[in-house]
Amino acid sequence: MRIFDAHFHIIDYQFPIIESQGYMPPSYDAAAYSEETKDLAIKGGAIVSGSFQGFDQTYLLDSLKQLGPAFCGVTQLPYTVSDEEIEALHKNGVRALRFNIKRGGSEDLSKLDYFARRVHALVGWHSELYIDAKELPEIAATIEKLPAISIDHLGLSEEGLPHLLKLVDKGVRVKATGFGRVELDVKKALREIYRMNPDALMFGTDLPSTRAKRPFEVADITLIQQLFDAQASEKILYSNAAVWYFKNNKT
């Protein structure tokens, strides 16, 4: 079965790495990722900028060159970035803007409405939020009106799941990632999100699983295949994300 890895990190100490909440991540370059996933049927994916990379783009552009055109980037940018810089990143394979509310390193939520609309209008990017879903009610009215949004790691918490589901019903997408870092019933969350919108779930390995209680396991993929039939599994593991990243943007 094909996989589009919709969420993983590359950590290459040839490029700037900054301490995040007292944490420095392990080295995990493009070669390490390719080696660890060589036995998986990964046909593409999204490299996601972490809090420890701040607004640096150099590592991301280098990693995209190494992994090839089936992969794209999710980056963190200051809202003051020029249109020309955004367009240049788009030409080099970046396809989304990230707001890291949980860990920092990105622009803050006060800029969400303006910035998410700006990048979508300019180059068709969606915006991704790393946020505990229990905090979503504070910004739900804003998110509902934005053109394209996804939420990382199943929204992280059981308390937040009802709030997440309300947004899924409005068209928000959800990363089926980080099963070893969430505080919720993963099976229940997957079933309820899929039932609400079959196009919403997008699987990712979350490699190298920085700060997670448990790292990614191949069993995470097996779990999806056991919970869903072949057609649904194909959507969650591959086609939902492939369409979201590569067709929901201007070329």
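Structural remarks
- Residue match in the range 234-243 (condition: under 23 Å from Gly93 (Cβ atoms) and among the polar types (S, T, N, Q)): yes
- Annotation note: Cβ proximity below 7 Å between a residue of the range 52-67 that is open to solvent by 50 Å² or more (accessible area, probe 1.4 Å) and among the β-branched types (Val, Ile, Thr) and a residue that is at pLDDT 95 or above and in a loop (DSSP other than H, G, I, E, B) (sequence gap 6+ or interchain) occurs for Thr58/Phe15.
- Residue, surrounded by the fewest Cβ atoms within 10 Å (Cβ to Cβ), within the range 1-23, restricted to residues that are hydrophobic (A, V, I, L, M, F, W, C) and not in a loop (DSSP other than H, G, I, E, B): Ile11
- Listed conditions (1) open to solvent by 10 Å² or more (accessible area, probe 1.4 Å); (2) hydroxyl-bearing (Ser, Thr, Tyr); (3) not in a helix (DSSP H, G or I) are all met by Ser127, apart from (1).
- Evaluated against (1) at pLDDT 95 or above; (2) under 20 Å from the mean Cα position of the chain (by Cα), Gln14 falls short on exactly one condition, (2).
- Listed here are the helices (runs of 4 or more DSSP H) enclosed by the range 147-251 that have at least 2 residues being open to solvent by less than 10 Å² (accessible area, probe 1.4 Å) and closer than 14 Å to Ala133 by Cα: 161-168, 186-196.
- Inter-residue pairs, beta-carbon under 6 Å, first touching a residue at least 12 places away in the same chain (Cβ under 8 Å) and more than 21 Å from Leu223 (Cβ to Cβ) and in the range 3-15, second part of a loop (DSSP other than H, G, I, E, B) and open to solvent by less than 10 Å² (accessible area, probe 1.4 Å), 6+ apart: His9/Gly50; Ile11/Pro25
The values are calculated or read from the model by the stated rules, or taken from the named source; none is laboratory data. These numbers were taken from a predicted model, which means no experiment stands behind them. We place every Cβ from the backbone using ideal geometry, glycine too, and count neighbours over all the protein chains shown. Heavy atoms of the whole protein, side chains included, go into the accessibility calculation; ligands, DNA and RNA do not. Shrake-Rupley method; radii C 1.70, N 1.55, O 1.52, S 1.80 Å.
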